[in-house]
1. With the requirement that a residue be buried (at least 22 other Cβ atoms within 10 Å of the Cβ), under 23 Å from Ala31 (Cβ atoms) and not polar (S, T, N, Q), what does segment 98-128 give you?
2. Does Gln191 satisfy the condition of being polar (S, T, N, Q), more than 20 Å from the chain's Cα centre (by Cα) and modelled with pLDDT of 95 or more?
3. Determine which single condition Ala171 fails, assuming it passes every other condition in (1) farther than 27 Å from Gln85 by Cβ; (2) without any contact (Cβ under 8 Å) to a residue 24 or more places away in the chain; (3) not polar (S, T, N, Q).
4. Here's a check for you: in segment 32-50, which residue that is loosely packed, with under 15 Cβ neighbours inside 10 Å and in a loop (DSSP other than H, G, I, E, B) is modelled with the highest pLDDT?
5. Can you run down the residue pairs with Cβ atoms below 7 Å, 6 or more apart or on separate chains, where the first is in segment 71-90 and in a helix (DSSP H, G or I) and the partner is small (Gly, Ala, Ser) and surrounded by fewer than 16 Cβ atoms within 10 Å (Cβ to Cβ)?
6. Out of Ala143, Ala139, Ala114, which single residue is touching a Gly at 6+ places or on another chain (Cβ under 7 Å), among the small types (Gly, Ala, Ser) and over 27 Å from Arg65 (Cβ atoms)?
7. Being more than 27 Å from Leu111 (Cα to Cα), part of a helix (DSSP H, G or I) and at pLDDT 95 or above is the requirement here; does Leu29 meet it?
8. Being surrounded by fewer than 18 Cβ atoms within 10 Å (Cβ to Cβ) and within 13 Å of Ala102 (Cβ to Cβ) is the filter here, so list the residues in segment 129-155 that pass it.
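The values are calculated or read from the model by the stated rules, or taken from the named source; none is laboratory data. Every value quoted in this text rests on a predicted model; they were computed, and no experiment measured them. Note that each Cβ is placed from the backbone with ideal geometry, even for glycine, and that neighbours are counted across all protein chains shown.
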Amino acid sequence: MVTINHATDTRLLAALSAGSSSTRLQAALAAGTQADPALADALVARCAVEPDFFVRDMLTWALTRLPAELTVPKLVAELTSGRAQARSQALHTLSKIGDRTAWPALTRSLLHDADEEVARSAWRAAVVLVPPGEHGALATELARELGRGDRAVQLSLSRALVALGDAAEAALQPGLASADPGVRAHARATQRLLADPDAGFDLAVDEAKRIVALGPERAGSTAC
């Protein structure tokens, strides 16, 4: 439940849940401009249910304008919510705040969440918040998701692994040797992106699938 104190603009709180998305967007913008800590609970609560992407993005911006010591505990509490959007948006906002005190809350269950949007948000947050010395362990955990989902999901995972740099190379090895051709192709495409971050993901995937189908030696002999 959102608590309203005397300093909070009740009209602004009402506008955050108005029927018009443009009204909600303006309210979120106003909340970020005011940067009133009294709005923190309302902003976090709205993130969990807001249907419009642009409004959610503005809500995140508004939360980044508030003191991290206030917002981070509230967002961490959302990570155990039964509502997938609450978890996903909290993770997204934590990645924008960048406060590493939230790192312990990024559990394995979030990295492997059944909801793909939650998992993707967890991957992005993890590579931002991971402390020094934990990159290898994180890369190993992320590599367990190789082969999961459609192009968008796989691209998100590859980008997260590439962001971990050299730590990802060893983590990719089990995937490169997997019996699952989809996992092998995704691992090989990620390996190519790691070597050449400017390479297009779709081209990397196509090449990886060709190599997996033909075998490295035959694929090399047919290359022009």
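1. Passing the criteria: Ala102, Ala125.
2. Numbers: polar (S, T, N, Q): yes; more than 20 Å from the chain's Cα centre (by Cα): yes; modelled with pLDDT of 95 or more: no.
In short, no.
3. (2)
4. Val49
5. Arg87/Ser81
6. Details: Ala139 fails: touching a Gly at 6+ places or on another chain (Cβ under 7 Å); Ala114 fails: touching a Gly at 6+ places or on another chain (Cβ under 7 Å).
So the residue among Ala143, Ala139, Ala114 that is touching a Gly at 6+ places or on another chain (Cβ under 7 Å), among the small types (Gly, Ala, Ser) and over 27 Å from Arg65 (Cβ atoms) is Ala143.
7. Details: more than 27 Å from Leu111 (Cα to Cα): yes; part of a helix (DSSP H, G or I): yes; at pLDDT 95 or above: yes.
Criteria met by Leu29.
8. Residue satisfying the conditions is Pro131 alone.
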